[in-house]
Amino acid sequence: MSFPKKFVWGAASAAYQIEGAPKEDGKGPSVWDTFCQKKGAIWNGQSGAVACDHYHRYRDDVGLMKGVGLQAYRFSISWPRVFPKGVGKVNSRGLAFYDKLVDELLAANITPWVTLFHWDLPDALHRRGGWLNPDSSDWFADYTRVVVAKLSDRVQHWITLNEPQVFISLGYQDGRHAPGDKLPFKKVLLIGHHALLAHGRAVQTIRQHSTLPPQIGYAPFAALSYPASDRAADVQAARQDLFSVTARHCWNNTWWMDPVFKGCYPEDGLKLFGKDVPRFTDAEMKIISQPVDFFGVNMYTGSKVRAGRNGKPERLQQPVGHNLTAFRWAVTPEVMFWGTKFYWERYRLPIVVTENGMSNIDWVALDGRVHDPQRIDFTRRYLLALERAIAAGVDVNAYFHWSIMDNFEWAEGYKERFGLIYVDYINQKRVLKDSAHWYKQIIATNGKCLHTDP
């Protein structure tokens, strides 16, 4: 087994989680800037106001990425840094930051992969209704056009939205993420429909305005299931569980994937959600399902499923003492094989693992290094499962570790450390963790050293 010769090895980040500089060079506030001011919203009252100070330290950070051997870097653009009010006048100084970042990456022989929306909606647009506003997809298309016009002479890889299930469910249904709303489910679904329209209009805009031939994808969150055994009945049960809408919430796959990749909402979702489903037209579904070049998917953990006595999928509890990350997510590398396999069989699009990683208990040891053997073991297990999927015929062409460096983990503040690079938030010192040195060898050997002990 091996990875394809042109397989891409990268790492990822998001603007609000690393940049800091929330008011510098004309940037406007995002919903996260506002939400972090709400008492009790973020662990220990923290915020992304400084984060990793990447806005000022990007050159050094790209140097560290080069030291890790990254072939590609996935980062997001802050919409309110480009449009302080979300629409209207472009903030040339904010756009210039990304212009310089792209040049720095290319000089380091690192391919930029740009995510257009990773949750930091301009607060000014939120005050105009945000994603509930029917004009929101047009706002997003206008923003996309400006970014593409500036960067597409050097950037070819584009991702429209990151995890709509997460920012919509946690931000608009549960109130745990920005902007902190708890809306009726009917409005939550309307927000989702407008976000999917924004994806489609962005795809159209990229194709129309890109200088270089673009490669366009979409990165939904993966609610993953894997079979309890290799028995055909259990495999089918896991597949059914993965592709079913069974509850009135956002935590499913097909409501967010079928419209994009198949041009329709899933029938079971339409039936379950009933009158709460927003009105939509064939023309809108055509926009949402604009052809894309790859299926980006964020993969972390999943549920073990077997065929129940009634023939329906039955989720099993993990055994006592099962492996957990610091975030208390179950370590389930099986999902990397079965998840990519199931998605490939259903959608037949090249797959890019746009996020995979774990939060660990990391600190600088007395020897000055950061020893994170759990992260190495975690990543090795998941990559071996991914290699197995590729050997089974699944078309996977890139992998992005989450994340390149420790950062602001949304409502969890700085409690969780996902990075390959350790960040001391007091003095902004960076330290390559043992996992970063190990990942460098994975990249250099195109995965071959996965089969030797770290």
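The numbers here are math on the coordinates, done by the rules we state, and not lab data. Not measured: the values here are computed from a predicted model. Glycine gets a Cβ as well: all are built from the backbone with ideal geometry, and neighbour counts include every protein chain shown.
Against the list (1) free of Cβ contacts under 8 Å to residues at least 12 places away in the same chain; (2) part of a strand (DSSP E or B), the condition His322 fails is (2).
Would you check which residues across the range 296-315 are of a type outside the set (S, T, N, Q) and either closer than 27 Å to Pro164 by Cα or buried (at least 16 other Cβ atoms within 10 Å of the Cβ) (or both) and list them? Result: Gly296, Val297, Met299, Tyr300, Gly302, Lys304, Val305, Arg306, Ala307, Pro313, Glu314, Arg315. Can you name the residue in the range 1-54 that is more than 23 Å from the chain's Cα centre (by Cα) and assigned to a helix (DSSP H, G or I) and, of all such residues, is surrounded by the fewest Cβ atoms within 10 Å (Cβ to Cβ)? Step by step, filter the range 1-54, then rank; the result is Asn44.
The single condition from (1) part of a loop (DSSP other than H, G, I, E, B); (2) closer than 25 Å to Gln215 by Cβ that Met285 fails is (1). Here Leu270 fulfils each of the conditions (1) hydrophobic (A, V, I, L, M, F, W, C); (2) closer than 25 Å to Tyr300 by Cβ; (3) part of a helix (DSSP H, G or I) apart from (2). Screening the range 329-443 for strands (runs of 3 or more DSSP E) wholly inside it with 2 or more residues that are among the hydrophobic types (A, V, I, L, M, F, W, C) and touching a helix residue (DSSP H, G or I) at 6+ places or on another chain (Cβ under 8 Å) returns the ranges 351-355. Name the residue that is surrounded by the most Cβ atoms within 10 Å (Cβ to Cβ), counting only residues in the range 222-235 that are outside any loop (DSSP other than H, G, I, E, B) and either among the basic types (Lys, Arg) or in contact with a Pro (Cβ under 8 Å, 6 or more places away or on another chain) (or both). Only one residue tops the list, namely Ser225. The set of residues in the range 262-289 that are on the phi < 0 side of the Ramachandran plot and touching a Lys or Arg at 6+ places or on another chain (Cβ under 8 Å) comprises Leu272, Phe273, Lys275, Asp276, Pro278, Ile287, Ser289. Filter the range 377-388 down to the residues that are touching a strand residue (DSSP E or B) at 6+ places or on another chain (Cβ under 9 Å) and among the aliphatic types (A, V, I, L, M), then identify the one that is farthest from Lys440 (Cα to Cα). Going through the qualifying residues, I end up with Leu386. Considering the range 236-260, the residues that are surrounded by fewer than 21 Cβ atoms within 10 Å (Cβ to Cβ) and aromatic (Phe, Trp, Tyr) include one that is farthest from Glu345 (Cα to Cα), namely Trp251.
Of all the listed residues (Ala124, Ala178), the sole one being crowded, with 17+ Cβ neighbours inside 10 Å, within 20 Å of Gly48 (Cβ to Cβ) and either touching an Asp or Glu at 6+ places or on another chain (Cβ under 9 Å) or of a type in the set (Asp, Glu) (or both) is Ala178.
Within the range 94-101, identify whether any single residue is farther than 25 Å from Ser137 by Cα and surrounded by fewer than 19 Cβ atoms within 10 Å (Cβ to Cβ), and answer yes or no. Scanning the range 94-101 turns up at least one residue that is farther than 25 Å from Ser137 by Cα and surrounded by fewer than 19 Cβ atoms within 10 Å (Cβ to Cβ). The set of residues in the range 257-293 that are closer than 20 Å to Val166 by Cβ and in contact with a strand residue (DSSP E or B) (Cβ under 9 Å, 6 or more places away or on another chain) comprises Met257, Val260, Phe261, Val292. Can you name every residue in the range 308-319 that is charged (D, E, K, R) and not in a loop (DSSP other than H, G, I, E, B)? Listed by number, the residues that qualify are Glu314, Arg315. Among all positions in the range 199-209, there is no residue which is in a loop (DSSP other than H, G, I, E, B), of a type in the set (A, V, I, L, M) and touching a Pro at 6+ places or on another chain (Cβ under 8 Å).
Just for the range 443-454: of the residues that are among the β-branched types (Val, Ile, Thr) and more than 22 Å from the chain's Cα centre (by Cα), which one is surrounded by the most Cβ atoms within 10 Å (Cβ to Cβ)? In this case the residue turns out to be Thr445.
Results for (1) surrounded by fewer than 20 Cβ atoms within 10 Å (Cβ to Cβ); (2) closer than 30 Å to Phe35 by Cβ; (3) touching a residue at least 40 places away in the same chain (Cβ under 8 Å), shown as yes or no for each residue.
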site: Ala391; (1), (2), (3): yes, no, yes
site: Val396; (1), (2), (3): no, no, yes
site: Tyr399; (1), (2), (3): no, no, yes
site: Trp402; (1), (2), (3): no, yes, yes
site: Met405; (1), (2), (3): no, yes, yes
site: Phe418; (1), (2), (3): no, yes, yes
site: Asn427; (1), (2), (3): yes, yes, no
site: Ala436; (1), (2), (3): no, no, yes
